[in-house]
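The values are calculated or read from the model by the stated rules, or taken from the named source; none is laboratory data. Just so we're clear, the structure is a prediction, and the values are computed from it rather than from any experiment. Cβ placement follows ideal geometry from the backbone for every residue including glycine, while neighbour counts extend to all protein chains displayed.
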Amino acid sequence: MLTLIKNVKLVLHGNEVTEASIVVEDGKVGAVVKTYDYLSKYDTVVDGSGLLAIPGGIDIHAHIHDPQYLHHEDFESGSVAALYGGITTFFDMPLRTYVEDRQSLEVKVDAGLKMSYVNFSVIAGMMNERNVSKVPVLRDLGVKAFKTFTCRPFKPESDGGLALVLSEVSRYGGVNVIHAEDDSIPEYLMSKFRGEGRNDPLAYHESRPDVVEGIALNKVLSLTSFLNVKEGVHIAHLSSALGLKEIVKAKSEGINVTSEVTPHHLFFTKEDVKKLGNYLKLAPTLKTRDDVMALWQGLARGFIESVASDHAPATKEEKEVDTWSAWGGIPNLETMLPLVFTLGFKKLSLLTLKRFIEVTSENPAKIMGLYPAKGSLSVGSDADITLLDVNKCFKVKADALHHKVDWTPYEGVEMCGWPRKVFVNGLLVLDEGNVITENRKPKYLRIV
């Protein structure tokens, strides 16, 4: 099948763009041309109307489909939200149900192929001494990334177990995705605050200060160096200037580590908890405005490689309880690219268009071993393409979004840069706000 996407703008470097057209052949980018032949030679012609064509967004950290928590999200609702946010590939992260063997993986893969509108991969976890022996089996089944915690309730039983997981995942060419928070200070502060009768939402955030991330990162990165792990260590949801300092230090010492930052850690501070309460309960916790700006600088300067949503919605009923029992996590998938575009490019001017593409698509693809098949619009790349309207701005409303739960912490926030057309595997799946169901042909990405 031969498709012409005519009259689009492509980013060259920095903020420089050029007018072009993209030829898609059998799901791949066949050519990028300034002029095109007779329209009659193409099976389909799509007018890009001067929109910005970018590689489809890749979210490498999204809690989409836990069989025990389908009232939060599932592959259908999550992938539709992804489409409306310009995302064409996501990595489904374990929520509470472990993905640790062939059977638990196949449950997710089968559901994704039946329900998803976008391409997907599955992250295994949570990893520990008991299931680390399954790493080679899961790698043979195409699993690239393995989630490991440094804190309860999912951490390995010992630091030796953490070292074992780091070593084995790297040995088989996988990526260790690390949730880096230490236990000791939160355990002490939670006990102290509860003893004082504190049940305010801010108490939760204050129980997990920045040093919690710093301690855990120092341990993980020291182990990475000692074990001579050359690649495959990725830090999830970096949340603090102190954490970023540990990353920068490790890179200066030659440690090969990558990291991601979430939209909420680039936008909210713990001061916002006073207004939104448990709706902003999440882990790692929110920090200060100085931390937010340090993370933006880290993203702009290349110390942080990627943006990832950490999409983890929950119902209002699970949020509107006492602070210590409330569910941790927020919906983030659909608003991720517009938020990063609006703040990073339009308002703060910290990200160029090129850097925006790098942190939302190119670098996630590189981290997970998908580049240049994905994260690029080069000839031969998969035709996962988002046509972005940089001038399309509106205030976010929960009832206009597409995730399963009926709220958003971004209610009333104006965001720009929403997609008008989204192609997945060369097929137009979102067109001017309409999902084209017959073009739903997702792929499970088996990554060697």
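Highlighted here are the strands (runs of 3 or more DSSP E) found entirely within the stretch 1-45 that include at least 1 residues which are of a type in the set (Gly, Ala, Ser): 16-25, 28-33. Suppose we filter SER240, SER252, SER225 for residues that are within 22 Å of the chain's Cα centre (by Cα), among the hydroxyl-bearing types (Ser, Thr, Tyr) and assigned by TED's automatic domain parsing to the domain that holds PHE146; which single one remains? Residue meeting the stated conditions: SER240. Applying the criterion of being free of Cβ contacts under 8 Å to residues at least 60 places away in the same chain and in a loop (DSSP other than H, G, I, E, B) to the residues of the stretch 219-252, the residue that is nearest to VAL175 (Cα to Cα) is ASN228.
Taking the criterion of being of a type in the set (A, V, I, L, M) and without any contact (Cβ under 8 Å) to a residue 40 or more places away in the chain, the residues of the stretch 18-46 that qualify are ALA20, VAL23, VAL33, LEU39. Taking (1) over 28 Å from ARG139 (Cβ atoms); (2) surrounded by fewer than 21 Cβ atoms within 10 Å (Cβ to Cβ) in turn, GLU213 satisfies each apart from (2).
Report yes if some residue within the stretch 264-277 is of a type in the set (Phe, Trp, Tyr), surrounded by 16 or more Cβ atoms within 10 Å (Cβ to Cβ) and part of a helix (DSSP H, G or I); otherwise report no. No, there is no match, as no residue in the stretch 264-277 is of a type in the set (Phe, Trp, Tyr), surrounded by 16 or more Cβ atoms within 10 Å (Cβ to Cβ) and part of a helix (DSSP H, G or I). For the stretch 126-177, the set of residues classified as among the β-branched types (Val, Ile, Thr), under 28 Å from ASP110 (Cβ atoms) and not in a helix (DSSP H, G or I) consists of VAL143, THR148, VAL175, VAL177, listed by residue number. Among (1) of a type in the set (Ser, Thr, Tyr); (2) more than 16 Å from HIS179 (Cβ to Cβ); (3) part of a strand (DSSP E or B), which single condition is THR258 missing? Here THR258 clears every test but (2). Taking the stretch 394-412 as the range and being free of Cβ contacts under 8 Å to residues at least 40 places away in the same chain and either in contact with a strand residue (DSSP E or B) (Cβ under 9 Å, 6 or more places away or on another chain) or surrounded by 19 or more Cβ atoms within 10 Å (Cβ to Cβ) (or both) as the test, the residues that pass are PHE394, LYS395, ALA400, GLU411, GLY412. Evaluating ALA216 against the criteria (1) in a loop (DSSP other than H, G, I, E, B); (2) of a type outside the set (Ser, Thr, Tyr); (3) touching a residue at least 60 places away in the same chain (Cβ under 8 Å); (4) in contact with a Gly (Cβ under 9 Å, 6 or more places away or on another chain) leaves one unmet condition, (1).
Residue count for the stretch 414-436, restricted to those that are free of Cβ contacts under 8 Å to residues at least 60 places away in the same chain and in contact with a Phe, Trp or Tyr (Cβ under 7 Å, 6 or more places away or on another chain): 0.
Just the residues that are more than 19 Å from the chain's Cα centre (by Cα) and either assigned to a helix (DSSP H, G or I) or not assigned by TED's automatic domain parsing to the domain that holds VAL340 (or both), please, taken from the stretch 82-120. Answer for the stretch 82-120, where residues must be more than 19 Å from the chain's Cα centre (by Cα) and either assigned to a helix (DSSP H, G or I) or not assigned by TED's automatic domain parsing to the domain that holds VAL340 (or both): ARG102, GLN103, SER104, LEU105, GLU106, VAL107, ASP110, ALA111, LEU113, LYS114, MET115. Quick one: count up the residues across the stretch 314-335 that are of a type outside the set (S, T, N, Q), surrounded by 24 or more Cβ atoms within 10 Å (Cβ to Cβ) and closer than 23 Å to GLU213 by Cα. Adding up the residues that qualify gives 2.
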